[in-house]
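A short write-up of the structure that comes next.
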Amino acid sequence: MDQELFSSQAAEWIKNHTYTELVNANGVEVWRCQEPGSNNLAFDICVTRYGIAVFGDIGHLTFDVGADYGINFLRNHSIGSVHRKLAASCKAVDLNKASLLSSVEAAIIELIDQHVPDALKPAWLEAGSDFDQLLAWLEVMNAQNDDASLLYGELLDCIDRIQRFDDGTRDIVSAFDFLAESETLLGVHDTWEWSITKPTDDLWRKIFYVRHAANQIMALKEAALA
């Protein structure tokens, strides 16, 4: 996730928004974030004792923080902290193929370390490899066909199947199903616990719209106090 890109895009796309306080009573605070005369990317931010809700043309988000945190929380410099407080139902995710491949690579390296005779282990094993080195070594070992310590061909087929998954898609269930089928081959278990997802770009855009708006609103509040 490119924070600078999402931040600059949000600032540009809602640069004409104005921020109007609609309610500030009984522990409830509501702000309308909207370009005058347009509903494009317009949204409301509602702060209550029990949570913060955002809804409008950008979609909706709900945060598990209340009035004690206030709108100021939404402009937190740690975007990860903001994401962590997002309600689980709002945390849309995509497949993270880089993370998936990294986890499979680690499993295969562990297999090599445990089962391949020392004389056949690759020189890069202790120093660590990149994925291309591992793939090339598996192809050589499969072609030589003189060591039965690992199912080299099946490991290559497993990697090929994983590489054909589309990064940044919602095809996460298929990826987890395939991992479950491959646990015996990879010598692992509980692959359903592997971290192979990432927040969607659409979700990050929503968060950065809200973060930009929160900065503008807090600036208005600070100016009023001054």
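Summing Cβ point charges (Lys, Arg +1; Asp, Glu -1) relative to the Cα centre of the chain gives a dipole of roughly 1640 debye.
Accessible surface for H189 stands near 130 Å², nearest 10, in the context of the full protein assembly shown (1.4 Å probe).
Counting Lys and Arg as +1 and Asp and Glu as -1 over every other residue whose Cβ lies under 14 Å from the Cβ of D171, the net charge comes to +1. Of A119, A148, A53, the residue with the greatest mean-square motion in the GNM of the chain, using alpha carbon springs below 10 Å, is A119.
The chymotrypsin sites (Phe, Trp or Tyr not before Pro) of the stretch 1-81 that DSSP puts in a loop, and whose beta carbon has at most 12 other beta carbons within 10 Å, are Y50.
Build a GNM of the chain with springs between Cα atoms under 10 Å apart, and of N26, N142, N96 the one that fluctuates most is N26. Placing a label point 7 Å from the Cα of D166 along the Cα-to-Cβ direction, the residues of the stretch 57-94 whose backbone N falls under 19 Å of that point are 92-94.
Computed per residue of the chain from DSSP H runs no shorter than four, each worth -39500 (n - 2.57), the mean residue ellipticity at 222 nm is -14000 deg cm²/dmol. Modelled spin labels at A127 and H189, positioned 7 Å past Cα toward Cβ, are 3.6 nm from each other. One chain, two ends: N76 and L156. Fully extended at 0.36 nm per residue, the span grows by 24.4 nm beyond their Cα-Cα distance. If you plug the beta carbon distance of S99 and N16 into 1/(1 + (r/R0)^6) with R0 = 41 Å, you get a FRET efficiency near 0.60. Only lysines eight or more places from K85 in sequence, or on another chain, were considered; those with a Cα closer than 20 Å are K198, K206.
What GluC sites (Glu not before Pro) does the stretch 34-139 have in DSSP loop regions with at most 14 other beta carbons within 10 Å?
Sparse-neighbourhood loop GluC sites (Glu not before Pro): E126.
Given R₀ = 35 Å, what would the calculated FRET efficiency be for T62 paired with A180, taking r from the Cβ atoms and rounding to 0.05?
0.65
Membrane-span-like helices of the chain, defined as complete DSSP H segments with a Cα extent of 18 Å or more along the helix axis and a mean Kyte hydropathy of at least -1.0, are identified as 97-115, 131-144, 201-225. With a cut-off of 18 Å on the backbone N, the residues of the stretch 13-28 near the modelled label site 7 Å out from A226 along Cα-Cβ are 19.
The values are calculated or read from the model by the stated rules, or taken from the named source; none is laboratory data. The shown structure was predicted, so the numbers you read here are calculated from the model rather than taken from an experiment. Don't worry about glycine lacking a Cβ; one is built from the backbone with ideal geometry, like all the others, and counts go over all protein chains shown. Remember, those area values only see protein heavy atoms, side chains included, never the ligands or the DNA or RNA. Shrake-Rupley method; radii C 1.70, N 1.55, O 1.52, S 1.80 Å.
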